[in-house]
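This report refers to the structure that appears directly beneath it.
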2 protein chains.
Amino acid sequence: MHRLLAPAALSFLLLSSTTTFVRAQDAPAPPIDKRYTDEIKKLTDLPAVKKAFQTFIDLEPQTKQDLITLTETPSPPFKEQVRAKKFAAMIKEAGADSVWIDEVNNVLAKRKGRSGKKTVVVEAHLDTVFPEGTDVKIKPKGDTLYAPGVGDDTRGLTAILAVLKGMGKVGIETDADVLFVGAVGEEGLGDLRGVKHLLRKDGGIKPDSYIAVDGDGISTITHRGLGSHRYRVTFKGPGGHSYGSFGIVNPHSALGKAIYHFTTEADKVTRQGIKTTYSVSVIGGGTSVNAIPYESWAEIDMRSESPEKLNQVDQLLQTAVQRALKEENSIKRQGPDLTVDVKKIGDRPSGRIEATTPIVQRAMAVSKFLNAEPHLEVASTNANTPIALGIPAVTIGSGGIGGGEHALNEWWLNDKGYLGIQRILLLLLAEAGVGK
Amino acid sequence: MHRLLAPAALSFLLLSSTTTFVRAQDAPAPPIDKRYTDEIKKLTDLPAVKKAFQTFIDLEPQTKQDLITLTETPSPPFKEQVRAKKFAAMIKEAGADSVWIDEVNNVLAKRKGRSGKKTVVVEAHLDTVFPEGTDVKIKPKGDTLYAPGVGDDTRGLTAILAVLKGMGKVGIETDADVLFVGAVGEEGLGDLRGVKHLLRKDGGIKPDSYIAVDGDGISTITHRGLGSHRYRVTFKGPGGHSYGSFGIVNPHSALGKAIYHFTTEADKVTRQGIKTTYSVSVIGGGTSVNAIPYESWAEIDMRSESPEKLNQVDQLLQTAVQRALKEENSIKRQGPDLTVDVKKIGDRPSGRIEATTPIVQRAMAVSKFLNAEPHLEVASTNANTPIALGIPAVTIGSGGIGGGEHALNEWWLNDKGYLGIQRILLLLLAEAGVGK
């Protein structure tokens, strides 16, 4: 998960046992329509839901063991197979009607609904950012569990396991089918490939709503997908001696020109409207100070909530690169032309659903019911993909408190973590409808 | 030594035992004034010189052993001490009147002249390009000796040793003092620091002429010093998340702008006049595609025979860097300003002496006398420094055939290598005057 604000204030208040969580945010929280508050209240009055809430508390030792088992099953980027198999076995055991692993190693577990006319996805991601060979052994310090990936997003996987177990134990039936998913490739260069495959146009599923579980706490609701495009631009020429071969094309000169044109134009178009960003992030190339390089490359990141703005900045990059190529080739005095390769290395769709959409209203009402202040967020999560496809979707946290995501000292503390599981259940039931 | 043309044609002809060497060159060789042809002829008629010529041939086994000993004494950049001590002992043994090692590890060996009113330097460089730990053991294949540094410039060191030995054996007296020098820091980032120290304004020597011995064969005469300036430009900012910290200064954007302004302007001023070159050669910086970098750097090389043109291009770089700094700071939306560090990492003076200058005419006449076609060159050698100071200077080869300079498979073949030693003696005697 890629959050954009550190939940420091929230963490402090949770730690200090205050039951009402307050958090600074960009805009005041929009109102919650009374019908959603009533709807959630009504759900929590059901005896089966009351029993499920208690069950999650009773299951805590087992949920903790699940977290240890899964965290200690490494799941490096693009190498989630081992954890996928483990998670598939665990979710089968937890009571799914059918479980399968798809072509990209997503784990899918179906729990049939009464009518099965609709499908609700509840998903957490299998992958971590940590490479093969990282020590993923859990190191407890007091009640806090330390290990790479423990919070992001292994806790999410165990939370949805607990939801499924609890539903089975108390016999809750939904109207819609529920598809529990462990998704691959959420992080970094994974580029949301698990959810993209799941919802692919040709052969993917078409859920009616999508609940991604990622991050900690019970306040945050990500309903705006921060889209991003990432490129690696590489100019290539023959290379040669800085004096003897002078007059041949210089790839660094071309890259400099491309950066100049791109950043000069991008600065202008990002000064108004929805926040849209660009960054020339990493550059390289060249072998020696006395040699014209044969290669010059840059990695560039651009982000926006607005697909239009994102495409606009993207177009500025394409234009700048071609213009630089032309300029550098036009001043060459000998040798072959420069060539350029523009490779898209990241593509996360952007989009937003309004705070008045039922799924967002319900998620807010659930937080309120659990005495947490709902906080609406923009982030880059698996929900980006369904949101961009027009599917009602949010990403919500899985309870407890966590920190150090993407760092070796990542930690998660089970501070009333059962609230996170109760929250997932309530939102799921509101979206899927209760069968009996 | 940094030559600008591979002597392939020359090598072929030497290998094929042709006694007249022909070589492609940019401009036809200028004429040699008859007085210099006569002067050299007269020198070679002296009985002592005839005896010295034969002595060099007799000394060949010893000269070969010197080459093995010195090549196998490593002399990495900035770490020439061990070889300097060895060479000092050998040149003392060879018959110098006094030998000392200066503050930077240059070896100086004086052979007094009759009047001693003038001083002629005969120099080869001690340093190799090879780092500590390189295997420098000589590997013979047939008559060819393979080892890193064997030709460039260890052969030069042994050639000047042989000249001194021969002069002693046959009792040649010069009018001027002769200073034999093993110089440090000729290669790469050594940046000619040995010869710069030797000829420093404050406390250095003031020779009347300067003969650098570097490279193979008996044809090449470097009389034009290709000057160069080299810079490492580093822009620095705070760095941050590509979305969360957007609006802070981006060092890569600034570098791109600097490259754009520099290369656009430098292209214009290098289209006319003496060949002057520039190259953005190596760039780097940045940690991750989703992070605004805290640093962006480039290494830039510029060269010219003309000090004025070199300074003109240098000034364009300084202006471009400051302009880019200003532009990038002017569009920042938050955070501190960018800073820039411009570090000069190389400074080789440029200059030329005319082909009509006595030292060049004499060097040409010597080649002709030895049945070689003189070839005038522009290169970056130790002669750059005296040339820039107005001291008559050339760099000449030390005989034989070599190849693979700066590569691990460097080689040198003693194909009539004594001709190279005879050549150094003749040019030295012409410059220093024969005492008796």
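Per residue of segment B:100-112, what does 6.51 cos²θ - 1.76 cosθ + 1.60 with θ = phi - 60° give for ³J(HN,Hα)? Whole Hz please, x for Gly and Pro, Karplus curve as stated.
For segment B:100-112, the Karplus curve yields 8, 10, 8, 4, 9, 5, 5, 9, 10, 10, 9, 10, 5 Hz.
How long, wide and thick is chain B, going by the Cα atoms along their three principal axes, in whole angstroms, largest first?
84, 46, 45
Please give the contour-minus-distance gain from A:Asp341 to A:Asn371: 0.36 nm per residue of separation, less the Cα-Cα distance, rounded to one decimal in nm. Spell out each step's value before the answer.
Details: separation 30, 0.36 × 30 = 10.80 nm, distance 5.29 nm.
Separation in residues times 0.36 nm, less the Cα-Cα distance, equals 5.5 nm.
Report which residues of segment A:321-350 become buried by 20 Å² or more of accessible surface when going from the isolated chain to the complete set of protein chains (1.4 Å probe; DNA, RNA and ligands ignored).
A:Ile331, A:Arg333
Check the straight Cα-Cα distances from B:Lys34 and name the lysines below 21 Å, setting aside those fewer than 8 residues away within the same chain.
Counting by Cα, and skipping residues close in sequence, B:Lys34 has these lysines nearby: B:Lys42, B:Lys368.
Mark the label point 7 Å from the Cα of A:Lys201 along Cα→Cβ and return the residues of segment A:355-397 whose backbone N is within less than 17 Å of it.
A:385-391
Report, in debye and to the nearest 20, how large the dipole of segment A:229-348 comes out about its Cα centre when Lys and Arg carry +1 and Asp and Glu carry -1 on their Cβ. Walk me through the intermediate numbers first.
Numbers: 16 positive and 13 negative charges, 16 e Å.
For segment A:229-348, the charge dipole is close to 80 debye.
Cross-link partners among lysines for A:Lys332, C-alpha distance below 16 Å, same-chain residues fewer than 8 apart left out?
Partners within reach: A:Lys236, A:Lys257, B:Lys268, B:Lys275.
Would you mind getting the accessible area per residue of segment A:229-348, heavy atoms of the protein chains only, 1.4 Å probe, in Å²?
37
Given the protein chains as shown and a 1.4 Å probe, how many square angstrom of B:Lys309 are accessible, to the nearest 10?
My reading of the accessible area for B:Lys309 is about 40 Å².
How far, in nm to one decimal, is B:Thr356 from itself in the other copies if the label point is set 7 angstrom along Cα toward Cβ? Shortest first, please.
With the label placed 7 Å along Cα→Cβ, B:Thr356 yields 9.3 nm.
If amide hydrogens are placed 1.01 Å from N in the peptide plane, which non-local residues have theirs closer than 5 Å to the one on B:Thr174?
Those lying under 5 Å, H to H, from B:Thr174 are B:Arg114, B:Gly435.
Of A:Val321, A:Thr37, A:Met90, which is farthest along the charge dipole of chain A in the positive direction, counting Lys and Arg as +1 and Asp and Glu as -1 at C-beta?
Selected residue: A:Thr37.
So, in nm, how far is label B:Asp97 from label B:Arg271 when the simple model puts each one 7 Å beyond its Cα toward the Cβ?
Going from the B:Asp97 label point to the B:Arg271 one covers 5.8 nm.
To the nearest 10 square angstrom, how much accessible area does A:Lys257 have with a 1.4 angstrom probe?
10
For A:Ala379, list long-range residues whose amide hydrogen, built 1.01 Å from N in the peptide plane, is under 5 Å from its own amide hydrogen.
A:Arg224, A:Leu226
For segment B:229-348, what is Rg from Cα atoms divided by 2.2 N^0.38 Å, rounded to two decimals?
Numbers: Rg = 15.3 Å, N = 120, 2.2 N^0.38 = 13.6 Å.
Its radius of gyration relative to the 2.2 N^0.38 Å reference: 1.13.
Hey, got the Cα dimensions of the protein assembly as shown along the principal axes, in Å, largest first?
123, 48, 48
What is the spread of the Cα atoms of segment B:292-360 along each of their three principal axes, largest first, in whole Å?
For segment B:292-360, the Cα extents along the three principal axes come out at 65, 18, 12 Å.
Convert each backbone phi in segment A:265-275 into a coupling constant with the Karplus relation 6.51 cos²θ - 1.76 cosθ + 1.60 (shift: θ = phi - 60°), then list the ³J(HN,Hα) values in order as whole Hz, x for Gly and Pro.
Couplings: 6, 5, 4, 5, 6, 9, 7, 10, x, 4, 3 Hz.
Gap in Å between the Cα centre of segment A:169-247 and the Cα centre of segment A:257-298?
24
Taking the label point as lying 7 angstrom from Cα along the Cα-to-Cβ axis, what are the distances from A:Gln81 to the corresponding position in the remaining copies, in ascending order and in nanometres?
Label point to label point, same position, other copies: 5.6 nm.
Step through the residues of segment B:78-92 one at a time and calculate ³J(HN,Hα) from phi using the Karplus curve (6.51 cos²θ - 1.76 cosθ + 1.60, θ = phi - 60°), rounding each to whole Hz and writing x for Gly and Pro.
Whole-Hz 3J(HN,Hα) from phi for segment B:78-92: 6, 9, 8, 4, 5, 5, 4, 4, 4, 5, 4, 5, 5, 7, 5.
What is the Cα radius of gyration of segment A:39-86 over 2.2 N^0.38 Å, N being its residue count? Write out the running numbers ahead of the final one.
Working: Rg = 16.4 Å, N = 48, 2.2 N^0.38 = 9.6 Å.
Here the Cα radius of gyration is 1.72 times the empirical estimate.
Nearest 20 debye, what's the magnitude of the dipole of chain A about its Cα centre given +1 on Lys and Arg Cβ and -1 on Asp and Glu Cβ? The partial results should precede the final answer.
On the way: 54 positive and 51 negative charges, 127 e Å.
Charge dipole of chain A: 600 debye, to the nearest 20.
One decimal, nm, shortest first: give the distances between the label point of A:Gly133 and those of the same position in the other copies, each label point 7 Å from Cα along Cα→Cβ.
1.9
Could you point to the residue in A:Leu67, A:Pro386, A:Ile421 farthest towards the positive end of chain A's charge dipole, with +1 and -1 charges on the Cβ of Lys/Arg and Asp/Glu respectively?
Toward the positive end, the furthest listed residue is A:Pro386.
So what is the calculated 222 nm ellipticity per residue for chain A, using -39500 (n - 2.57) for each DSSP H run with n of 4 or more, over all residues, to the nearest 500 deg cm²/dmol?
Details: 12 runs with 153 residues, N = 436.
Taking each H run of at least 4 residues, the total per residue is -11000 deg cm²/dmol.
Kindly give Rg over Rh for segment A:327-368, based on alpha-carbon atoms, with the Kirkwood expression for the hydrodynamic radius. Don't jump to the answer; show the numbers that get you there.
On the way: Rg = 25.1 Å, Rh = 15.7 Å.
Radius of gyration over Kirkwood radius for segment A:327-368 works out to 1.59.
How many Å² of accessible surface get buried when B and A come together, counting both sides, probe radius 1.4 Å, rounded to the nearest 100? Please report the intermediate quantities before stating the final value.
Working: alone 18740 and 18810 Å², together 33370 Å².
Chains B and A together bury approximately 4200 Å².
Expressed as a whole percentage, what fraction of the accessible surface of the protein assembly as shown belongs to carbon and sulfur atoms when a 1.4 Å probe is rolled over the protein heavy atoms?
54
Which Rg and Dmax, in Å, describe the Cα atoms of segment A:34-155?
Radius of gyration, then largest Cα-Cα span, for segment A:34-155: 17.2, 51 Å.
Can you name the chain A residue with its Cβ nearest the rotation axis from A to B, and give the distance in Å as a whole number?
Closest to the axis: A:Tyr260, 2.
Assigning unit charges at the beta carbon (Lys, Arg +1; Asp, Glu -1) and nothing else, what dipole magnitude in debye, to the nearest 20, does segment B:215-284 show about its Cα centre? Provide the component values of the computation, followed by the final result.
Details: 8 positive and 3 negative charges, 26 e Å.
Computed charge dipole of segment B:215-284: roughly 120 debye.
The values are calculated or read from the model by the stated rules, or taken from the named source; none is laboratory data. These numbers come from a predicted model, not from an experiment. Every residue, glycine among them, receives a Cβ derived from its backbone with ideal geometry; neighbour counts consider all protein chains shown. Heads up: the accessible areas ignore ligands, DNA and RNA and are worked out on the full protein's heavy atoms, side chains in. Shrake-Rupley method; radii C 1.70, N 1.55, O 1.52, S 1.80 Å.
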